[in-house]
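One structure is given here, and the rest of the page talks about it.
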Amino acid sequence: MLNLITDAWIPVRRKDGSRATIAPWQMADESLAFPDWPRPDLNIACLELLIGLVFLADPPTDARDWRTRQAPDPERLRARLSPFAPAFELMGEGPRFCQDREAFEGADANDPDMLFIDSAGGQTVRNNADLMVKRGRYGALDPALAAMALYTLQAHAPSGGKGNRTSMRGGGPMVTLIDPGGGLWPLVWANVPDGVPATPDVLPWMRRTRTSERGEQVFPQDAHPAEAFFGMPRRLRLIGQRGRITGVAQKPYGTNYAGWEHPLTPHYRQKAGAELLPLHPRAGAFGYRNWLGVALPAPNAADTARRAQVAGLWQARGGGRRADLIVAGWAMDNMKPRDFTFSRAPLLDLPDETAERVEGFVEAAVALGGALRGALAPVLAEGESREAAREEFFARTQGAFEARLAELTAAGANPQAVAQGWLADLRAAALAIFDAQALPGLAERDIRDQQAIVKARSGLTAAFAGYGKLGQGAWTVLGLTPPEQKRRKAA
């Protein structure tokens, strides 16, 4: 039906805006810009798949080899991938891509809709509770879309009921990809870890599934490093009919991974010496307050918060030139998808002293965003309305943060002057948001409400002047000396 190595099945967009369908070896074509699937989660997973294929068949051995081979070479890649073709059949009697070796005779078939993370599960459908997730969108899939959805589910699998394992990185991991610009091949090549070529037998679907009925786990030492890109937490078998994928059979207790550090995902520890955990995106925009430990190094926290391995590789390889970081992933609430993040941030390597100042900029914004949220109490009810105002505060100050970061990292920068400028940026944004919420119709309000609003605005401006717990804390982390705090009169 479809061979994922030899057949053309991946939709792509060219730099000139035209579209094409390619086989994987054709990713090394300098005219290509980006995958062109109909969903952003499929595009991100497709990039992970292409990176994984290169890591499997023809990775760089070291930084020097990586630099030497930056130019695209489709024929070389075609030759290196060719031996893997028998392991990448989507259907058939032998091994199947990302599927269990067992035939699952007699197992109940689910709609192929189940391959998509934002589809409704069986209990949700039975309870008629599919408000934010959807049922019945994909009654049948063409083989290419089914293959990409299958890979995406295995790579990002959320909780799925008893025995249905999450992905190696847990449900909805954060994916970070270095993008040096220049199209598809530079993007893929920038994210391929160092290694040595593997053989088809290292792929998990080429052997019996390492099941986990009794809690068995698979650690990095138990498998080839390429399994980071080709993990199989779910036991699945596609069902085909007349050239289409019409169903998916599933059994519980697929492979339970533990101890892996995926090269494309930032990780953290809750405290030094604790278990290393993959980072997961939160719902909402991925702005500057989320950059530390993802796009920017977290100061003095190498053991507790660290960027994805490929960020360190970019520096070690002498990538040098400016690169963006693509940040993507499903924000999950256990089994429920809340939001899909797709964002870009600058990838910067900063000395610890500068990183500490940047951390202070973020901490000050968080503190003063909290002051804004509190000041809005006489105007907005507790809950989503005030939280939305706080989110607007971060969105409004995104551009100012990037500008101040550029100032801070420029030669001859005056950190204190930059900090004072950042404080002014935050103040302007907070007061604009407060006034937009509080001032319209102020004259028609009850006198007590008017007094409460005036008092709240006064308190907010005082926080930006360095008074109160939040204001004093913000000034301190900015490296500014807060004013002497006014003493309260004795009762």
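Quick note: the coordinates plus some simple rules give every number you see, no bench work behind them. As the structure is a computational prediction, the values presented were derived from the model and not from experiment. Cβ sites come from the backbone with ideal geometry, for glycine too, and all protein chains shown count toward neighbours.
Find how many whole Å separate the alpha carbon centroid of region 308-332 from the alpha carbon centroid of region 461-483.
About 34 Å separates the Cα centre of region 461-483 from the one of region 308-332.
With the dipole of the chain worked out from charges on the C-beta (+1 for Lys and Arg, -1 for Asp and Glu) around the Cα centre, which of 401, 103, 323 lies farthest toward the positive end?
Sorting the options by dipole projection puts first 401.
Under 14 Å from the Cβ of residue 451, count the other residues' Cβ atoms, weight Lys and Arg +1, Asp and Glu -1, and hand me the total. Walk me through the numbers before you get to the answer.
Numbers: positive: 445, 448, 455, 457; negative: 446, 449.
Combined, the nearby Lys, Arg, Asp and Glu give +2.
Go through region 330-338 residue by residue and turn each phi into a ³J(HN,Hα) via Karplus (6.51, -1.76, 1.60, θ = phi - 60°); whole Hz please, and just put x for glycine and proline.
Taking θ as phi minus 60°, the curve returns 7, 7, 10, 10, 6, 8, 9, x, 9 Hz for region 330-338.
Which trypsin sites (Lys or Arg not before Pro) in region 175-266 sit in a loop by DSSP (not H, G, I, E or B) and have at most 13 other Cβ atoms within 10 Å of their own Cβ?
Those that pass, being in a loop and sparsely packed, are 207, 208, 214, 242.
Listed highest first by mean packing, meaning other Cβ atoms within 10 Å per residue, what order do 264-275, 47-58 come in?
Per-residue mean Cβ counts within 10 Å order the peptides as 47-58, 264-275.
From a point 7 Å beyond the Cα of residue 344 in the direction of its Cβ, which residues of region 1-45 have a backbone N at a distance under 18 Å?
Label zone hits: 13-18, 31-37, 40-41, 43-45.
Report the full-extension gain for the segment residue 322 to residue 63: residue separation times 0.36 nm, less the Cα-Cα distance, to one decimal in nm.
91.5 nm
In nm, give the distance between the simple-model label positions of residue 269 and residue 315, each being 7 Å from the Cα along the Cα-to-Cβ direction.
1.8 nm
Can you give the extra length, in nm with one decimal, that the chain gains between residue 159 and residue 454 once fully stretched, where that is 0.36 nm per residue apart less the Cα-Cα distance?
Details: separation 295, 0.36 × 295 = 106.20 nm, distance 4.84 nm.
Result for the pair: 101.4 nm of gain on full extension.
Relative to the longest principal Cα axis of the chain, at what angle does helix 143-156 sit, 0 to 90 degrees, rounded to 10?
50 degrees
Which ³J(HN,Hα) values, rounded to whole Hz and listed in residue order, are derived for region 194-211 from phi using the Karplus coefficients 6.51, -1.76 and 1.60 in 6.51 cos²θ - 1.76 cosθ + 1.60 with θ = phi - 60°, glycine and proline given as x?
Ordered by residue, 3J(HN,Hα) equals 5, x, 10, x, 9, 10, x, 5, 7, 6, x, 7, 8, 9, 5, 5, 7, 7 Hz.
Using amide H atoms built 1.01 Å from N in the peptide plane, name the residues 5+ places from residue 33, or on other chains, whose amide H lies under 5 Å from its own.
Amide H to amide H, under 5 Å and 5 or more residues apart or across chains, residue 33 pairs with 13, 14, 15, 184.
Calculate, for residue 413 and residue 472, the FRET efficiency according to 1/(1 + (r/R0)^6) with r their C-beta to C-beta distance and R0 35 Å; round to the nearest 0.05.
0.90
Once you have a ≥ b ≥ c as the square roots of the Cα gyration tensor eigenvalues for region 321-386, tell me rounded if a/c is under 1.5, and otherwise prolate or oblate according to whether a/b is larger than b/c.
It is oblate, given that a/c is not under 1.5 and a/b is not larger than b/c.
Short version: ³J(HN,Hα) in whole Hz for each residue of region 228-238, in order, from phi by Karplus 6.51 cos²θ - 1.76 cosθ + 1.60 (θ = phi - 60°), x for Gly and Pro, what are they?
With coefficients 6.51, -1.76 and 1.60, one gets 4, 8, 10, x, 10, x, 9, 8, 10, 9, 6 Hz.
Of 162/336; 251/271; 271/486, which ones are farther than 27 Å apart at the Cα? Numbers along the way, then the final one.
Numbers: 162/336 15 Å; 251/271 36 Å; 271/486 37 Å.
Those over the limit are 251/271; 271/486.
What residues from region 247-279 fall in the zone where the backbone N is under 11 Å from a label point 7 Å along the Cα-to-C-beta line of residue 219?
258-260
Placing +1 on the Cβ of each Lys and Arg and -1 on the Cβ of each Asp and Glu in region 351-491, which of 432, 375, 361 has its Cα farthest towards the positive end of the resulting dipole?
375
Any chance you could give the angle, 0 to 90 degrees and rounded to 10, that helix 40-57 forms with the longest Cα principal axis of the chain?
With rounding to tens, the tilt is 60 degrees.
Which value in deg cm²/dmol, rounded to the nearest 500, describes the helix-derived mean residue ellipticity at 222 nm for the chain, given -39,500 (n - 2.57) per DSSP H run of n ≥ 4 and division by the residue count?
Result for the chain, helices only: -10500 deg cm²/dmol.
On a 0 to 90 degree scale, rounded to 10, what angle separates helix 468-477 from the longest Cα axis of the chain?
Around 60 degrees separate the two axes.
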